[in-house]
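Read through the structure below, which is laid out as structure tokens, and then see the notes.
The values are calculated or read from the model by the stated rules, or taken from the named source; none is laboratory data. From a predicted model like this one, the values you see are computed outputs, not experimental measurements. As a convention, Cβ positions derive from the backbone with ideal geometry for all residues, glycine included, and neighbour counts pool all protein chains shown.
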Amino acid sequence: MALDHAILVSLTERAASGYDLARRFDASIGHFWPASHQQIYRVLARMQEAGWVASTVQEQDGRPDKKTYAITPAGEAELNRWAAGPSGREAVRSDFAVKLRGFRDRDAIIADTRVRRADHVARLTEYEASEARFYPDPSALEGADLGAWLALRGGIHTERRGIEWCDEILTALEGPGSR
């Protein structure tokens, strides 16, 4: 998947400025497809050249004009083409796993594992709060709402597995009850 497709998915929800897209990424899509503000603006320009998005300029008092992007029929066609194809296997890149593999400093690994575990717990708490707030009745969901909930569930499962892995590492390095 390219960042282009993540932006197109976001624009199917509603038109947005580059700034608004960056904020949306920070709050949702960025949890599984991170992008900097600069990357988003570069890709929007490329997508506009390709005809996948169109922009309108809104004048603002005392501030620079605001450019809002919307997906075009060509962008919808590209998104449909991409969505119909199979997803490739996702590459997993982890500095932490390489550090474990090298196992140079037991205390550093324990400390790193504790920080990672706390991060997993914090993100799991955030995801579960979002699920309770936005999806109180998952059985009633359809279409894009169902897809968004399922993606969120993937994040919840990932964080739970991350906590379990950290617990396994801490148990192996410090013994049972080390969490």
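Details
- Within the stretch 124-152, the set of residues being among the β-branched types (Val, Ile, Thr) and either surrounded by 15 or more Cβ atoms within 10 Å (Cβ to Cβ) or not in a helix (DSSP H, G or I) (or both) is empty.
- Any hit, the stretch 83-93, residues being over 18 Å from the mean Cα position of the chain (by Cα), β-branched (Val, Ile, Thr) and modelled with pLDDT under 95: no
- Against the test of being without any contact (Cβ under 8 Å) to a residue 40 or more places away in the chain and under 19 Å from residue 76 (Cβ atoms), the options 36, 10 yield a single qualifying residue, 10.
- One residue alone among 98, 121 is in a helix (DSSP H, G or I), modelled with pLDDT of 95 or more and of a type in the set (A, V, I, L, M, F, W, C), and that residue is 121.
- Selection within the stretch 7-34 - among the hydrophobic types (A, V, I, L, M, F, W, C) and within 23 Å of residue 157 (Cβ to Cβ): 9, 25, 27, 29, 32, 33
- Filtered residues of the stretch 1-17 (kept if among the hydrophobic types (A, V, I, L, M, F, W, C) and touching a strand residue (DSSP E or B) at 6+ places or on another chain (Cβ under 7 Å)): 8, 11, 15, 16
- Condition met for residue 158 (of a type in the set (Val, Ile, Thr), assigned to a helix (DSSP H, G or I), more than 17 Å from residue 32 (Cβ to Cβ) and out of contact with any helix residue (DSSP H, G or I) (no Cβ under 6 Å at 6 or more places or on another chain)): no
- Among residues of the stretch 100-124 that are farther than 22 Å from residue 32 by Cβ, none has a beta-carbon under 7 Å from a residue that is of a type in the set (Lys, Arg) and part of a loop (DSSP other than H, G, I, E, B) at least six positions away or on a different chain.
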